1. Under a point spin-label approximation (7 Å from Cα along Cα-to-Cβ), what is the residue A:436-residue A:7 distance to one decimal in nm?
2. For chain B, what does -39500 (n - 2.57) per DSSP helix run (n ≥ 4), summed and divided by total residues, give at 222 nm, in deg cm²/dmol to the nearest 500?
3. State whether the range B:260-471 is rounded, prolate or oblate according to the following rule on the C-alpha gyration tensor (a ≥ b ≥ c being the square roots of its eigenvalues): a/c under 1.5 gives rounded; otherwise a/b larger than b/c gives prolate, and the remaining case gives oblate.
4. For peptide B:143-150, compute the average count of partner chain beta-carbon atoms within 10 Å of each residue's beta-carbon.
5. Quote the FRET efficiency, to the nearest 0.05, computed for residue A:202 versus residue B:48 with a Förster distance R0 of 60 Å and r equal to the Cβ-Cβ distance.
6. Using only Cα atoms and rounding to the nearest 10 degrees, what angle (0 to 90) does helix B:119-128 make with the longest principal axis of chain B?
7. Over its Cα atoms, what ratio of radius of gyration to 2.2 N^0.38 Å does chain B give?
8. Can you compute the FRET efficiency between residue A:65 and residue B:27 using 1/(1 + (r/R0)^6), with r the Cβ-Cβ distance and R0 = 56 Å? Round to the nearest 0.05.
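Where a number appears in this text, it was derived from the coordinates with a stated rule and is not lab data. What you see is a predicted model; the values in this text were computed from it and never measured. No Cβ is skipped: glycine too gets one built from the backbone with ideal geometry, and neighbour counts run over all protein chains shown.
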């Protein structure tokens, strides 16, 4: 009989993500036994919310007890906890959107896929070895391919296919890079890559290039960003909201772990420099692209390209403060971005999603509360006070100055200057005196979506005054 | 401490609370807004060397929500509270509730700028004060393009301010520095760049030629009560910044920029003066006269002279008072005559003696008549500039004072005197409320005009001595 190589602590490490995955199964099962009617929607939503809340709770227990499970394959506590919590919160908010605008057909199936995708992202957040990174990435992506195509609208199939083909190619790049890493070190552990000895290895350098291309694709950094607007526009709204944060958060966790823990030789900054260069370019290109958009989902897709550029820029120089500020900005971005998507959801009618910019005309007069919330989120995305986005940008700027990357700070400011028109164009539509209000259908009250909106408003505002990112997230591998 | 907090938080909270009132009830909205503005003004009077500080950031530099009323901020805050009170009283625009809410939000944001003792808090409120004006221009302005022009210029300034603030924080380790001076030498090669970022923001906000092109359309499009506050107080944020940030914190870089700034100031004061001579839109005349007057204050600041600085601070208040009066009265006239084009106005003084009287006092203060507040400020500034050894700048600065007499008298004549235009719809003199809105400003102009030393409680030595330490 072969002894079980893993202890109880190893299995404890994956309890949070197992809860999410099991909740997805329960959702599917419950769908079979609930009678037709309103319960068909609320029972699965309630199960998902409970599952995610349970995962958030058990995950929070691990904060402060950092250890490496499965021989370094999966990290618990600190950094992993923070990213997992961000992923869970984003998933919860997406479920709130889903509960409001999700199609009746395949309702539970979509929810289950969303949860599985979440568990994949949680796995990536804690991944300490190449194997777990890839496992998490595929779990996240496979569920998302299906989710993108779930809507009966014609564009959804196109979005799904585009995403499938391009994302698979990127996964291929990443996998090839990982194979080369394995060739260079003979190990799948990220920790094995650290140090000077590996840095001069040609296999390692080629592998890094391929691995980072994969990362840049998943993060939607320029020039690997062209899929984002099409996929975001075609996918159903809750899926777009989910992807806009969760894919980025999970990939950022992998990138941060790689940059901080695996590339540690004397030339580390030179090796990582290309990523920071394309992050800087993304800030400009993303915002320029957003200028011309007339669809809210496409606009937020482009703006997301720029926003992820800001977050990656915070990591330049691999400083402890930079990591803290990247996490803070990511957390703030979660609330302000999904907050904007929640407004879109609350504006949706049974015929169309509220994503056409025309739907925002005169909103300041017809739906003052919704318009005011939107203004707050747009201010936050533009980096204006009194929002967490303002403080987050200041922190990233100072991290850049601190680490000697003043040029990134300059690009960040230039990108922000362009983004002004993007975000204030919507403010102009909502409050301009010449704007004729767009007739909107009054939909049933959506308590969950409103609760999510209130949470987003609160966090976006209150974090202006208490922008303390988590400390004690280093070291990233053991 | 409570008073300081009330000055910043009360208008903002009340501004949001106004949205809860019924939309159509104009009297209620105006009553509440006036009450809040009055309480804020009384709180401003009660300010005496107060200070409060709440920790904000610990890393990468320390920052705190630190507010205090020492130095210059006190008088500008008081000016702001007074102007807002008068403007709220005078406001008579469509959708009054929403407009008054914006006015109160604007007041709170600007209070934050002038009372902040922390650069980061200063930057926060600096950016915040853009939003109400932008929304005001969008909702009540004549052309949406003006709102965009205002926003793009001022946001660009806000961004360079932000960049410089972050760089300053990283270099110095703290942004809790406003009101301090004689800081240890920064020893930072980016000192001039940091100053350049601040200076760009300040020049845009003031504005100074050639960054002024947002200002004339903004001043002529914004509804009068809001433009009274914007031109009277928001335009001072840049000059205030030059004194408390430039002079006190970055003296070397400030000195290095002297000649550029003197030139920009002189060009502004000449350009503004000459353009004001030929405008036919009454609000634009006052707008360009502003450019001229603010250019003069910039020259005074950059002469690094204690006397000139004292004069500049008096003139900051003076300009705020007479600009507020001029814009409010022009608003009353526009409401009655439905035009502000000089060729279509005339002879109002006969039917509206009170309007004419208030307008005359404002115009006379603006052209520097002795006995009114403008004269004291101009005389002290010019003496200071001259005694600092800047002979030619002082001489050039005399030109727009002559021009001011020409364009202000022309403005007054064309509107108030001459033949009456026959088809004017309403001949109604100042109502009681309108009178109440203008009276405090006029009284203040007269009071400080004969008694200017009441304003010189500023501790100018703090700033001038800091700049004299520089090589």
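1. Between residue A:436 and residue A:7, the label points sit 7.2 nm apart.
2. On the way: 21 runs with 327 residues, N = 471.
Rounded to the nearest 500, the figure is -23000 deg cm²/dmol.
3. Working: a/c = 2.94, a/b = 1.84, b/c = 1.60.
In terms of gyration-tensor shape, prolate.
4. Details: counts 1, 5, 0, 0, 5, 5, 0, 0.
Going residue by residue through B:143-150 and averaging, the value is 2.
5. Values: r = 72 Å, r/R0 = 1.21.
With a Förster radius of 60 Å, E is 0.25.
6. The helix B:119-128 is inclined about 30 degrees to chain B.
7. Details: Rg = 21.0 Å, N = 471, 2.2 N^0.38 = 22.8 Å.
In units of the 2.2 N^0.38 Å rule of thumb, it is 0.92.
8. Working: r = 63 Å, r/R0 = 1.12.
Approximately 0.35, to the nearest 0.05.
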